[in-house]
Amino acid sequence: MHAPDSKTGLSAPLAGCRVLERSRTVAAAYAGRLLAAMGAEVVMLEPPGGSPLREAPPLLADTGESALFVYLAAGKRSLVCDPASAAGRAILDRELDLADILIEDTPVADRAAQGFDAGTLGARFPQLVHVSVLPFGATGSKAAWNGEEVNLLHAGGEGYLLPNGLSNEMFPERAPLKIYGHFAGYQGGVSAALCALSAWWAVPQCGGQYVDVSVQDAALSVGAFALQRLGDGSLEHRTMRRFRYGGVFKVRDGYIELLTLEDRQWSGLVELLGRPAWADDAGLQDPLERSRRGDEINAHVREWMARHDADDIVRRAQELGVPVAKYRSPAEVARGEHERARGLFSPVKLESGTMAEVLLAPFQFHCSPLARAGRVPPLNEMARESNQ
C-alpha cells in the first residue's frame, strides 16, 4: 500500500493497486503513466537493453535523455524481463501473481510464445485485468498490422481534416498534416487506462477480464462530430471544416482562438469589438443568418484582432463571457500563473541526476492527492535492489 500524503493524510486514489506494464509504444506506456499518477505501483517489464522508448526523440539537450521517456516513465519502477528465456518466464509468472492489472502491447503473433496469450493468462490468473493496447486491436482483419503515429492519425480520420480553418487559408497547397507529437498514442493510452480501471473495479463482482483496446478506435472517437455528420449524409473535408465564424485569429503578438455558439456569447463579442456599426445589422441578430454570413463577420473580426494583443483580448473576453484562449508556447505554459497555482507540474529526478519538471496528470481530484512524479527509474532497478 502507498503511504498517505504527508500534507493531507489521504491515500492516493489507486493506492494498493499493482500494475505490470510491458510497453513498446506511447499508448501502452501512457496508460501506465496515468495509473501511476493516481498512485498505482507500476512496474515496467523492460527487455534486456531497455525499452525502445528510452531512446525516443526528442532528446534533452543537456543530458541526451529522452524527454518522451522521462514523461512516460516518471514514478514507475523498472524490471528487466525476457519472457523468451526460462529465467524471464519465471520473473513474469512471479510478477503476474502479484499484479492487479497487466497492460501490454505485444504483437499478436508473439503472444503465445512470450506468455501473453489472453486465454492462458485468464485461466492461470483469474483475478487479473489484462489490457491489450495495439494499433488496430488484437482481433479482426487488421490485428497483425503495425501502425506508427502518422498511420493511426489518418486511420482515425483526423488527418483527413487537417489543416483546416486559418491554417488551410494560409497554406492551401499543403498536404494533410500529422498533429505534432503522439496525439493518437495518447488517445489510446487514455482509453486503455479507463478500460483498465473499469475492469478492475468490477473484479469483486465478475473476476478478471481481458480488454482489447484499439488505438485507431480511440483516435476515431475524437472525430465524433464528423462521424455524426457523416451519418447525416455530410462528408467533412479540411477545406470546409471550420466554425461559421470564429476560429483561429492572428493578433498583434501571436494567435488566439474564438468560439461563439450562444447568443449571449455573440453579444459579448460585439461588446468586445467596441460595438462596431456593422454589428448593428438587424439580420445579424439571427444565429442562422450569422452562420450564413460567417466569412463577412470573420473579416471584420480579423481586422480588429490584428490591432490588439492576446493577453488584453483574453482578459476582456473573459469579463464578457466570450470563449477566447491564447495559443501559448510550451515555455509560457510551464511558467504560467494558472498552472503554477493549480500545481500541474511535478519535479522529477532523471537517471542522470538532473532535476526536471513534468506535467503531473491531465486531471486532479478534489479530495485525493495525486502521486508526485518522483524519478525516472534506472533500468532493472528492482533486480539490483533485491540483490543488495
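The values are calculated or read from the model by the stated rules, or taken from the named source; none is laboratory data. All values derive from a computational prediction rather than experimental measurement. Please note: Cβ atoms are built from the backbone with ideal geometry, for glycine as well, and neighbour counts cover all protein chains shown.
Residue count for the stretch 235-278 satisfying the condition of being farther than 30 Å from GLU148 by Cβ and assigned to a loop (DSSP other than H, G, I, E, B): 14. GLU236 falls short on exactly one of the conditions (1) within 17 Å of ARG328 (Cβ to Cβ); (2) touching a residue at least 60 places away in the same chain (Cβ under 8 Å); (3) surrounded by fewer than 19 Cβ atoms within 10 Å (Cβ to Cβ), and that condition is (1). Here GLY122 fulfils each of the conditions (1) surrounded by fewer than 18 Cβ atoms within 10 Å (Cβ to Cβ); (2) assigned to a helix (DSSP H, G or I); (3) free of Cβ contacts under 8 Å to residues at least 24 places away in the same chain apart from (3). A search for C-beta distances below 6 Å between a residue of the stretch 89-101 that is of a type in the set (A, V, I, L, M) and any residue that is in a helix (DSSP H, G or I), counting only pairs 6+ apart in sequence or on different chains, returns ILE101/ALA196; ILE101/TRP200.
Filtered by the rule that a residue be in a loop (DSSP other than H, G, I, E, B) and either among the hydroxyl-bearing types (Ser, Thr, Tyr) or farther than 15 Å from ARG244 by Cα (or both), the stretch 279-288 gives a lone residue, ASP281. Selection over the stretch 56-96 of residues that are among the hydroxyl-bearing types (Ser, Thr, Tyr) and farther than 30 Å from LEU359 by Cβ gives a count of 1. Mind checking which residues of the stretch 262-306 are modelled with pLDDT of 95 or more, among the small types (Gly, Ala, Ser) and surrounded by fewer than 12 Cβ atoms within 10 Å (Cβ to Cβ)? If the condition is that a residue be modelled with pLDDT of 95 or more, among the small types (Gly, Ala, Ser) and surrounded by fewer than 12 Cβ atoms within 10 Å (Cβ to Cβ), then GLY274, ALA277, ALA306 are the ones that fit. Cβ-Cβ contacts under 6 Å between residues 6 or more apart (or on different chains), taken from a first residue in the stretch 339-353 that is farther than 15 Å from LEU370 by Cα to a second residue that is outside any helix (DSSP H, G or I) and of a type in the set (Ser, Thr, Tyr), are listed as SER352/THR63.
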